[in-house]
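A short worksheet on the structure shown next.
What follows is calculated from the coordinates using simple rules that are stated; it is not laboratory data. Since the structure is predicted, the reported quantities are computational estimates derived from the model, not experimental observations. Please note: Cβ atoms are built from the backbone with ideal geometry, for glycine as well, and neighbour counts cover all protein chains shown.
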Amino acid sequence: MTAMAEMVEATLAGMGYELVDAQVSNHGRMLRIFIDRPEGSAAGVTLDDCAGVSRHLTHLFAVEGIDYDRLEVSSPGLDRPLRKAADFARFAGRRVDVRMRAPDATGRRRFVGMLQGVAADAAMVDVDGQPVALRLEQIERARLVPDL
């Protein structure tokens, strides 16, 4: 995690939010911050939450000398990415779509199924009735599958 992301994560924790993702694009000129409520909160993230966090981060970045042109703060959306072991534990019981960095012995890289949780540094996913352990460090991308 970059120093900027660590600073944002600590700041958001003090405000009652968690950092889901921090993206930098356009050669560092655009910053995207995705926030969520901490574990157990059913309130979700509102537009007012995003505006308040944006104002706070704008002041923080000015004090810290972080130069950028555009800052976007938003919720992670229905297809929220899962990045940390805590995310996989928190969203156990939800449907996930996981893409691995390298294929397994059968040549499969993509796994869609019911997240069972996390154990021994692996996400446990029930795929078509079969339990599959996916090593966290080998996961390229993992997202919740929205229940629509």
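Quick notes on this structure:
- Label sites at Arg110 and Thr11, each approximated as a point 7 angstrom past Cα along Cα to Cβ, lie 3.7 nm apart.
- Here's the picture: charge each Lys and Arg Cβ at +1 and each Asp and Glu Cβ at -1 in the chain, and of Thr58, Gln23, Leu71 the one pushed furthest to the positive end of that dipole is Gln23.
- Asn26 versus Leu148: modelled label distance in nm, points set 7 Å from Cα along the beta carbon direction: 2.9 nm
- The helix-based estimate of mean residue ellipticity at 222 nm for the chain, built from -39,500 (n - 2.57) per DSSP H run of four or more residues and divided by its residue count, is -8000 deg cm²/dmol to the nearest 500.
- Extension gain from Asp121 to Asp69, taking 0.36 nm per residue of separation minus the Cα-Cα distance: 14.9 nm
- For region 76-137, alpha-carbon Rg relative to the globular expectation (2.2 N^0.38 Å, N residues): 1.04
- Remark: the Thr58-Ala86 segment gains 7.3 nm on full extension, using 0.36 nm per residue and subtracting the alpha carbon distance.
- Against the empirical curve 2.2 N^0.38 Å, the C-alpha radius of gyration of region 1-94 lands at a ratio of 1.07.
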